[in-house]
Amino acid sequence: MLVNAAHMLQSAEAGHYGIGAFNTNNLEWTRSILTAAEEEQSPLIIQCTAGAAKWQKGFKVVHDVLVDLMDEMNITVPVALHLDHGSYEDCFKAIDAGFSSIMYDGSHEETFQINLDRTAELVKLAHSKGLSIEAEVGGIGGTEDGVTSAGELADPQECKQIADLGVDFLACGIGNIHGLYPADWKGLSMDRLAEIKALTGDLPLVLHGGTGIPTPMVQEAISHGISKINVNTDLQVVFAKATREYIEAGKDKQGKGYDPRKLLKPGFDAIVERTKELITDFGSNGKGWA
Ligand code: 13P
């Protein structure tokens with residue numbers, strides 16, 4: 001059974017460790033991430049964007065694959081299924097499909113007031129159904145059309161306004177960006193993180209763009225109040241690398257090496273190993289039902 005992500009993140013905030021929120025793209029992804037979390041006895045947030053759900057033919061498929069795998073694999077650690085960067089409309093669809101947690105990303109709305117109003121509405125809806133909800137203040141930069149924008153710094157007063165609506169955890173830009181970081185990236189702003197934390201108290205904060213941030217910097221951010229670390233690209237890169245090595249070694253041409261169960265296995269194993277490493281870096285190993 002799925003749980004919402006509020007309790008596990010409150011425990012992480014109080015215990016000064018982080019919980020990885022890993023994006024899934026398909027059945028192999030979900031199975032690898034579950035395998036890693038179970039082996040490390042870590043609470044887990046599996047998340048999915050609307051785009052990745054569309055690829056899998058909808059939020060319900062993503063949900064059903066996860067809960068069926070949890071049953072078949074006898075998963076004992078708490079698992080939340082979270083909508084990543086949902087639009088207002090996506091939130092309703094994910095709730096209907098059985099997601100246990102949603103993110104409403106109102107940072108792209110025309111005004112901050114719209115973000116505020118819609119977040120308030122969705123907080124009430126999510127909580128009435130026992131779900132947890134994440135909101136976002138300020139945009140998280142990233143690479144669009146080959147141009148990488150600098151990471152934004154969220155306005156601490158806006159963070160407080162959104163926090164006061166009763167969201168369960170909050171994404172705020174502190175110089176982080178999605179995708180791979182450019183060579184001249186200036187790093188996370190611990191000062192801005194401290195300013196936001198001072199106004200939002202024990203609310204768990206979320207670090208998007210978890211790929212490629214030096215481990216000591218992520219750990220410093222965790223010690224300053226980051227409780228959820230979103231990771232997507234990192235697992236895509238290790239999957240692609242392992243698959244490339246398999247093919248470049250000509251293994252798909254040996255025997256039945258073209259069988260998808262063989263072809264996808266190196267990538268599957270690479271995701272398991274990398275997820276386990278990240279869980280240990282964030283410190284949630286052994287925290288099961290803490
Ligand atoms: P990366 O792809 O940079 O790891 O970011 C993931 C993320 O923040 C999902 O919301």
The stretch 76-83 - phi-based ³J(HN,Hα) in whole Hz, Karplus 6.51/-1.76/1.60, Gly and Pro as x:
9, 8, x, 10, 10, 10, 10, 7
Nitroxide proxy distance, nm - points 7 Å out along Cα→Cβ at E277 and M190:
2.4 nm
Nearest 5 percent is fine: what portion of the DSSP beta bridges confined to the stretch 17-137 is antiparallel?
0 percent
Residues whose placed amide H lies under 5 Å from that of I102, excluding near-sequence neighbours:
L83, S132, I133, E134
What's the FRET efficiency of W55 with A198 using the Cβ-Cβ distance as r and R₀ = 35 Å, to the nearest 0.05?
0.30
The stretch 60-205: antiparallel DSSP beta bridges as a percent of all, rounded to 5
20 percent
Based on DSSP H runs of at least 4 residues, each adding -39500 (n - 2.57), what is the mean residue ellipticity at 222 nm of the chain after dividing by all its residues, to the nearest 500 deg cm²/dmol?
-14500 deg cm²/dmol
Given a cut-off of 16 Å, what percent of all Cα-Cα pairs of the stretch 29-74 lie beyond it?
37 percent
Selection from L165, V238, P204, by position along the positive dipole direction of the stretch 156-290 (Cβ)
V238
All other residues with a Cβ under 14 Å from the Cβ of V62 taken together, and with Lys, Arg as +1 and Asp, Glu as -1, what is their net charge?
-1
Put one equal scatterer on each alpha carbon of the stretch 181-242, apply the Debye formula with no solvent term, and list log10 I(q)/I(0) at q = 0.20, 0.22, 0.24 1/Å to two decimals.
-0.81, -0.93, -1.04
Largest-first principal axis extents, alpha carbons of the stretch 70-118, Å
45, 18, 13
Just to be sure I understand: of the beta bridges DSSP finds with both ends in the chain, what percent are antiparallel, rounded to 5?
10 percent
In nm, spacing of pseudo-spin labels at K262 and M73 (7 Å Cα→C-beta vector)
2.5 nm
With +1 on each Lys and Arg Cβ and -1 on each Asp and Glu Cβ, and nothing else charged, work out how big the dipole of the chain is about its Cα centre, in Debye to the nearest 20.
860 debye
Highest mean packing first, using Cβ neighbours within 10 angstrom, the peptides 214-223, 153-162 sort as 153-162, 214-223
Anisotropy class of the stretch 118-250 from Cα gyration tensor, a/c 1.5 cut
prolate
Please turn the phi angles of the stretch 214-224 into ³J(HN,Hα) values with the Karplus equation 6.51 cos²θ - 1.76 cosθ + 1.60 (θ = phi - 60°), one per residue in order, whole Hz, x for glycine and proline.
x, 3, x, 6, 5, 5, 5, 4, 4, 5, 9
Dipole of the stretch 167-290, Cα-centred, from +1 at each Lys and Arg C-beta and -1 at each Asp and Glu C-beta, to the nearest 20 debye?
560 debye
About its Cα centre, how strong a charge dipole does the stretch 79-180 have in debye, to the nearest 20, once Lys and Arg get +1 and Asp and Glu get -1 at the Cβ?
380 debye
Please list, or write none, the aspartates and glutamates whose alpha carbon is within less than 18 Å of the alpha carbon of K253, excluding same-chain residues fewer than 8 places away.
E245
Can you give the FRET efficiency for S87 and N26, using 1/(1 + (r/R0)^6), R0 = 22 Å, r = Cβ-Cβ distance, to the nearest 0.05?
0.50
Counting all Cα-Cα pairs in the chain, those more than 27 Å apart amount in percent to 37 percent
Along the charge dipole of the stretch 140-290, which of G286, G225, Q254 sits closest to the positive end, that is, farthest toward it, with unit charges on the beta carbon of Lys, Arg, Asp and Glu (+1, +1, -1, -1)?
Q254
Debye log10 I(q)/I(0) at q = 0.16, 0.17 Å⁻¹ for the stretch 56-210, Cα point scatterers:
-0.94, -1.03
Give a residue-ordered list of calculated ³J(HN,Hα) values for the stretch 27-40 (Karplus: 6.51 cos²θ - 1.76 cosθ + 1.60, θ = phi - 60°; whole Hz; x for Gly, Pro).
4, 4, 4, 4, 5, 5, 5, 4, 4, 5, 5, 5, 5, 8
At a Förster radius of 45 Å, what calculated FRET efficiency corresponds to the Cβ-Cβ distance of E245 and Q41, to the nearest 0.05?
0.90
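Throughout, read-outs are computed from the coordinates displayed, never taken from laboratory work. Just so it is clear, the model here is predicted, and its values are computed rather than measured. Every residue, glycine as well, gets a Cβ built from its backbone with ideal geometry; the counts of neighbours run over all protein chains shown.
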